[in-house]
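Okay, structure first, notes after.
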Amino acid sequence: MSSLYSDLITSDRAEALKYELTEEERAEIIAEIGHYENPRAASIEALKIVQKRQGWVPDEAIPAVAEVLGIPASDVEGVATFYSQIFRQPVGRHIIRLCDSMVCFINGYETLRGKIKSELGIDVGQTTSDDRFTLIPVVCLGNCDKSPAMMVDDDTYSNLSPDNLMSVLEAYK
Amino acid sequence: MATIHIDGKEYEVDGADNLLQACLSLGLDVPYFCWHPSLGSVGSCRQCAVKQYRDKDDTRGRLVMSCMTGIQDDSYISIEDDEAVKFRASIVEYLMRNHPHDCPVCAEGGHCHLQDMTVMTGHSKRRYRQEKRTHQNQYLGPFVKHEMNRCIACYRCVRFYKDYAGGTDLGVYGAHDNVYFGRAKDGVLESEFSGNLTEVCPTGVFTDKTHGDHYTRKWDLQFAPSICHGCSSGCNTSPGERYGEVRRIENRYNGQVNQYFLCDRGRFGYGYVNNADRPRLALLRDPSAEEADITLSVDAALDRTAERLKRARRVIGIGSPRASLESNFALRELVGAENFSTGIEAGELERLHLMQRMLRESGLPTPSQREIEHHDAVIVLGEDLTQTAARIALSLRQAARGGAVELAGQYKIPDWNAAAIDNYAQGYKHPVFMATVTETKLDDIARGTYHGSPDEIARFGFGIAAALDASAPSVGDLDDDVQRQVADIVQVLKNAKRPLIIAGESLRSNAVLKAAFNIAKAVKGAGLNGSLTLVPSEANSMGLAMLGGESLDWAIKEFAREEADAAVVLENDLYRRLPAKRVDEALDNVDTLLVVDHTPTPTCLRADIVLPAATFAEGDGTLVSQEGRAQRFFQVYDPSYYRPNDQTHEAWRWLHALHTTIEDRKVDWTQLDQVTLEVANAVPALAGIVDAAPNASFRIKGQKIARSPHRSSGRTAMRANLSVVEPRQPQDKDSMLAFSMEGYNGTHEPRQQIPFAWSPGWNSPQAWNKFQDEVGGSLRAGDPGIRLIEPDADSDTRGLGYFSDIPSAFQLYHDRWQVVPLYHLHGSEETSARAKPVQERTPDAYIALGAADVETLGLDRASKVRVRVGKHELLLPLRISSQLRRGVIGIPRGFENIPVDIFGEWARLEQEVRA
């Protein structure tokens, strides 16, 4: 958007100035852009970079990322709202991704979800009051032969049951 | 061509189309949502499914999306197949699942594509009993209202806004069954074409907010075929009226001009028609009398005006490029050709005549807006098109996008397959080069931009011509990097199949026009099949230059020299054209100032006598657009129907009545056609205007054309507050249209003049399909208007030669800045600037400086700058341009309180210290 006309209205540019990406984040995003022919292709990685530091992607970060990528904020917002693993609200220190797709569903997803609800007091999409865990559903971790499965942060766990579930989670402070 | 069999019948269709286009072009009803004639196919809504068979013996067939299926010769299709019918019904049912039951309070109701398609597919009962998903709506500015719950996720809005119009602030968010179309945050939609969302959206997500403020259903509006007066593009519009007010403006399809789209000035700038401060009665101002204005009856007004004009030594008539040819001609007849001024400033008039010579003698034709889309290399010299002739900027975008279509076409991707084209071409565009004073909103499609002062832009153009043809005068001292850019452009031009050169009036530079001419001539000389587009400033600038007449400067001088003592000013505000001081001095010498206008301009406020003229909504007339297309606009409503005392009439009626009163003879001109014919007979260049539209005797099956839809309601009650006796409907002797729902409104009989698009089952703007020779093509009766200017056949040998008066290089001073005009779609045009929603979008006047100058001067971003130009002193807030060159400042033109004689002059600057 050209600067001469953008002064008329609340512009993306003015929004972008409100949010500071760190030098490292900016450098990482620029490095990602270098991997692609079109900077737009680095949108997801750029959002992951922001999420890595903050744990989630606040609204104000969208125009800042858009400015580095040189694409409209509405495009970045589109990507950021499309992917369920880009978080748009604050999340807990650890993310529980509980698989709810076909095989896990048959093999006990609902029991596990109930167990988490009773033990931690959170349902899908919720965060514990001590900000320790956020529970979100995920569609297939590729572990159907060892279902039900879940991920906690970057670790994958299989053959879960209500009996072993809490001991797995206990390790995450 | 290809032969296809649909439900047992054989049809000849265009083999390059898809099945949906073919079916619709044949007049068959196939429901659809995501497809749009201008946007192509993406196959996302699944509504247009039909059955396709392997061959004539295949009885099972398979469902295909007709919009995504190319035509195969000798193929067999069924629309009525039971499975296809059921499938389509189920799609509407899915789409309607979350749709609210709010048609009675929805502004789209009655011209809603979703309603039409739901009825067409027979989905009349909702089985879905669960909760509907709901959304929050956004504030999108004064033009467009947002109501996301109605969304059926067809994606048309973003495809128009981003892909077609180049907008950046409307997007789609979320995934699967929870998607949201809007801005990333609440805020004004920034695109100059946002109003088209109201027609592109098949339902009521985006509706016209200006209409909502005084809402009337489509079926209760009275329409007429009209022509936008907002700039010289000549877009066709359908204004809708109720109770003596224009309630909205819709697009009117013209396959050669605006097709399906208007700019926001044209759509939302109509408010001045309804303003309460308009003169509606003839007024006499007697400065000696105690009371202010005396209103007069029509007869008294004519008698007293005639008496005063008769007493005058000499009467000079000042016409207007925002008035019709007929009104200007009536003025010329009244005062005599030797006393007629066009009302156009001398420099501009000279450039208009230059433009017309160029169009005849460059050897290149001037394209229609539709044809602009089919050029594969474009050079724009000086015009910020998005602000000065926005609809042309939209056509230019399509020319650039044509690169993607062509590239994909080489790999057999058809031109309707929008998603595949975009995927394949990855944003590849035909080359567009822009030479402008500042950044523009077309920069995103430009392969190269050049920024300089008006003279430098001209030099850049002269440089291109010289590099293309060695016999063209060379510039000599162009900088090396400019030379390189010129060489690149020349290379592109030489490889182009159809290059286009665009220039215009906005920089008020003869040199820029001449440079454009030299390029055009060089292009022609190189044997390239190019075109030339020239953009004058106002709706009828072209027509008035063809009609002829002296400049406004001439008229003012005659008054100043006391060579004349009476002035008749037609729909013109002289203060917008010449310095106030000069106008004042001249008018001080005028004993009788008669102003015939519809708007209380500063000139009108000085008048001794005011006669209330019709706007486009209350009168008919002919305008000539930038491509030399003469087009007729027709009266939408009779203002005296609701306001019996209203004396508003076309200016030509007033002026002719005055003429005959002075001469004490009978009125000759009783209808528009007589005036149009007289203009055509008197001015050979305008001979064609008679054919710009059918005349008043045109009938279809003995009927006039209806201005209102069949269901127009409440006629017997509409005037009941005035009198319970329902008067006869106003009779329109000037046109083939009736002020009534009685009359022809169908699609079967060919007709060019279509007040509103409607066809049984098709209430939305998609009904235009039914009037076209093929969907998205031309109207079956031919696109409205007639072109008056074509290049001379012998221009090579007898026409204008190369111009050689090349301006010298820009001189940078440390203490002086050249003032260049900047334009705003919302604010720079006189009449639309009086519409409240447009005022909300108009910036405060400002001074623009390049970033480098701001730094050198040490200006504070938030500061105000005192600008001294000649005797003027302005205090303006600062706006920083990233592209404005050093030594040049930009100030918006056409704004209130910005003097007219500062542009091109040199200014001194001073920072205002903030308290």
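The values are calculated or read from the model by the stated rules, or taken from the named source; none is laboratory data. Quantities reported herein were computed from a predicted structural model and do not represent experimental measurements. Neighbour counts are summed over all protein chains in view; Cβ atoms, including those assigned to glycine, are modelled from backbone coordinates with ideal geometry. The protein model used for the area step is the full one, side chains on, heavy atoms only, and it has no ligands, DNA or RNA in it. Shrake-Rupley method; radii C 1.70, N 1.55, O 1.52, S 1.80 Å.
Candidates in segment B:721-773 are the residues that are of a type in the set (Asp, Glu) and over 23 Å from residue B:254 (Cβ atoms); of these, the one that is least open to solvent (accessible area, probe 1.4 Å) is B:726. The helices (runs of 4 or more DSSP H) found wholly in segment B:371-461 and carrying at least 2 residues that are more than 14 Å from chain A (Cβ to nearest Cβ) occupy B:390-409, B:418-425. Would you mind stating whether residue B:14 is open to solvent by 10 Å² or more (accessible area, probe 1.4 Å), under 20 Å from residue B:769 (Cβ atoms), of a type in the set (Asp, Glu) and under 37 Å from the mean Cα position of the chain (by Cα)? In short, yes. Taking residues in segment B:231-244 that are in a strand (DSSP E or B), and partners anywhere that are among the small types (Gly, Ala, Ser), the pairs with Cβ atoms closer than 6 Å and at least 6 places apart or on different chains are B:237/B:226; B:239/B:226; B:239/B:617.
Among the residues of segment B:175-222, how many are of a type in the set (D, E, K, R), within 14 Å of chain A (Cβ to nearest Cβ) and touching a His at 6+ places or on another chain (Cβ under 7 Å)? Steps first, answer last, please.
Of the residues in segment B:175-222, the ones of a type in the set (D, E, K, R) are B:177, B:183, B:185-186, B:190, B:192, B:199, B:208-209, B:213, B:217-218, B:220.
Imposing the further condition that a residue be within 14 Å of chain A (Cβ to nearest Cβ) reduces the set to B:177, B:183, B:185-186, B:190, B:192.
This time we only want the ones that are touching a His at 6+ places or on another chain (Cβ under 7 Å), so: none.
Residues that pass the stated criteria total 0.
Considering only residues of segment B:846-871 that are surrounded by 17 or more Cβ atoms within 10 Å (Cβ to Cβ) and either in contact with a helix residue (DSSP H, G or I) (Cβ under 9 Å, 6 or more places away or on another chain) or closer than 19 Å to residue B:823 by Cα (or both), which is farthest from the other protein chains (Cβ to nearest Cβ)? Here the residue is B:869. In this entry, residue B:495 is excluded by the filter for residues that are closer than 30 Å to residue B:894 by Cα and open to solvent by 10 Å² or more (accessible area, probe 1.4 Å).
Could we say that residue B:88 is without any contact (Cβ under 8 Å) to a residue 40 or more places away in the chain and either open to solvent by 10 Å² or more (accessible area, probe 1.4 Å) or out of contact with any Pro (no Cβ under 6 Å at 6 or more places or on another chain) (or both) here?
Numbers: without any contact (Cβ under 8 Å) to a residue 40 or more places away in the chain: no; either open to solvent by 10 Å² or more (accessible area, probe 1.4 Å) or out of contact with any Pro (no Cβ under 6 Å at 6 or more places or on another chain) (or both): yes.
So residue B:88 fails the test.
Being on the phi > 0 side of the Ramachandran plot, more than 11 Å from every other protein chain (Cβ to nearest Cβ) and surrounded by fewer than 19 Cβ atoms within 10 Å (Cβ to Cβ) holds for only one residue in A:114, A:108, and it is A:108.
Yes or no, residue by residue, for (1) open to solvent by less than 10 Å² (accessible area, probe 1.4 Å); (2) in contact with a Gly (Cβ under 8 Å, 6 or more places away or on another chain); (3) without any contact (Cβ under 8 Å) to a residue 40 or more places away in the chain:
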| residue | (1), (2), (3) |
| --- | --- |
| B:616 | no, no, no |
| B:631 | yes, yes, no |
| B:637 | yes, yes, no |
| B:642 | no, yes, no |
| B:645 | no, no, no |
| B:652 | yes, yes, no |
| B:658 | yes, no, no |
| B:670 | no, no, no |
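Picking from B:13, B:64, B:42, B:30, which residue would you name as being of a type outside the set (Asp, Glu) and touching a residue at least 60 places away in the same chain (Cβ under 8 Å)? Matching residue, one of B:13, B:64, B:42, B:30: B:42. Hey, any hits in segment A:163-170 for a residue that's closer than 19 Å to residue A:104 by Cβ, open to solvent by 60 Å² or more (accessible area, probe 1.4 Å) and in contact (Cβ under 8 Å) with a residue 24 or more places away in the chain? Within segment A:163-170 (the criterion being closer than 19 Å to residue A:104 by Cβ, open to solvent by 60 Å² or more (accessible area, probe 1.4 Å) and in contact (Cβ under 8 Å) with a residue 24 or more places away in the chain), the answer is no, since none of the residues qualifies.
Within segment B:884-891, can one find any residue that is over 17 Å from residue B:454 (Cβ atoms), of a type in the set (Gly, Ala, Ser) and within 14 Å of chain A (Cβ to nearest Cβ)?
Taking every residue of segment B:884-891 in turn, none turns out to be over 17 Å from residue B:454 (Cβ atoms), of a type in the set (Gly, Ala, Ser) and within 14 Å of chain A (Cβ to nearest Cβ).
Being modelled with pLDDT of 95 or more and of a type in the set (D, E, K, R) is a description that applies to residue B:576.
You will find that of A:80, A:73, A:46, the residue that is at pLDDT below 95 and aliphatic (A, V, I, L, M) is A:73 and no other. Across segment B:779-815, the number of residues qualifying as within 29 Å of residue B:624 (Cβ to Cβ) and touching a helix residue (DSSP H, G or I) at 6+ places or on another chain (Cβ under 9 Å) comes to 22. Quick check on residue B:60: is it open to solvent by 10 Å² or more (accessible area, probe 1.4 Å) and either more than 25 Å from residue B:96 (Cβ to Cβ) or not in a loop (DSSP other than H, G, I, E, B) (or both)? Here the answer is yes, as residue B:60 does meet what is asked.
Residue check: residue A:157 meets all listed conditions (1) surrounded by fewer than 14 Cβ atoms within 10 Å (Cβ to Cβ); (2) farther than 28 Å from residue A:22 by Cα but one, namely (1).
In segment B:97-212, which strands (runs of 3 or more DSSP E) lie fully inside it and hold 1 or more residues that are open to solvent by less than 20 Å² (accessible area, probe 1.4 Å) and more than 20 Å from residue A:80 (Cβ to Cβ)? Spell out the reasoning first.
Numbers: elements: B:144-146, B:171-175, B:178-182, B:206-208.
Filter on segment B:97-212 gives B:144-146, B:206-208.
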